[in-house]
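This report concerns only the one structure given below.
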Amino acid sequence: VMRKRDSDKSRGELMFPTLFNLASAYEANSMHDKALKTYSICLTKQRGHPFAGRLRISMGNIYFAQRDYSSAIKCYEMALDQLSKDDQAIRSKLRWNIGNAFFRSGRLREAVKNYQDAMDSNPDYQAGFNLFLCHYALGDEDAMK
């Protein structure tokens with residue numbers, strides 16, 4: 001009986017890294033649909049796992065690559081909710097990714113907000129340049145200064 005319980009426990013501990021590695025391999029080999037399905041299974045079977053936010057980032061990256069910007073934004077925003085407030089560099093990068101997805105979908109005002117949030121928390125040349133481009137496209141000369 002003890003051996004069965006120990007076996008079940010170790011199987012549960014190994015499930016997350018196994019599914020994560022499988023999904024990462026699918027993603028690396030451009031098998032996006034299988035990667036998304038495996039990431040989703042991983043999130044379902046391991047609710048509340050500390051790395052769930054990072055899985056959402058990976059899923060968002062796949063959706064972004066597939067040009068499904070609304071799904072990418074959703075995954076990135078869910079990842080923001082799951083990340084610690086101490087992860088400022090990752091949070092800033094996520095804001096930049098969200099800004100890029102809004103920009104690509106033509107929602108420039110939302111892109112400006114996210115690029116500005118990225119600049120406020122972790123100033124970066126690329127985010128600043130993208131922010132400038134959005135203001136230029138919107139014709140907001142005062143904000144470009």
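The values are calculated or read from the model by the stated rules, or taken from the named source; none is laboratory data. Since this is a predicted model, take the numbers as computed values, not measurements. Note that each Cβ is placed from the backbone with ideal geometry, even for glycine, and that neighbours are counted across all protein chains shown. Note: accessible area is taken over every heavy atom of the protein model, side chains too, but ligands, DNA and RNA are not part of it. Shrake-Rupley method; radii C 1.70, N 1.55, O 1.52, S 1.80 Å.
The table for this structure:
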{"item": "D_trans [Stokes-Einstein, Kirkwood Rh over alpha-carbon pairs] for the chain, 37 °C, 0.692 mPa s, µm² s⁻¹", "result": "197 µm²/s"}
{"item": "Residue (of Leu80, His135, Gly53) at the positive-pole extreme of the chain, dipole from beta-carbon charges", "result": "Gly53"}
{"item": "Tally of Lys pairs whose C-alpha atoms are under 22 Å apart, taken over the chain, 8 or more apart or cross-chain", "result": "14"}
{"item": "The chain, accessible surface, carbon-and-sulfur percent (1.4 angstrom probe)", "result": "52 percent"}
{"item": "Probe 1.4 Å, protein heavy atoms only - accessible area per residue of the chain in square angstrom", "result": "63 Å²"}
{"item": "Length-normalised contact order of the chain in % [C-alpha pairs under 8 Å, at least 6 apart]", "result": "13 percent"}
{"item": "Max mean-square fluctuation residue, GNM over the chain, Cα-Cα springs under 10 Å, options Ala79, Ala65, Ala127", "result": "Ala65"}
{"item": "Per-residue ³J(HN,Hα) for the stretch 66-76, Karplus 6.51 cos²θ - 1.76 cosθ + 1.60, θ = phi - 60°, Hz, x for Gly and Pro", "result": "7, 6, 9, 5, 5, 5, 4, 4, 4, 5, 4"}
{"item": "Unit charges on C-beta of K, R, D, E only; dipole of the chain, Debye", "result": "820 debye"}
{"item": "Principal axis box of the stretch 71-145, alpha-carbon based, largest edge first, Å", "result": "36, 25, 15"}
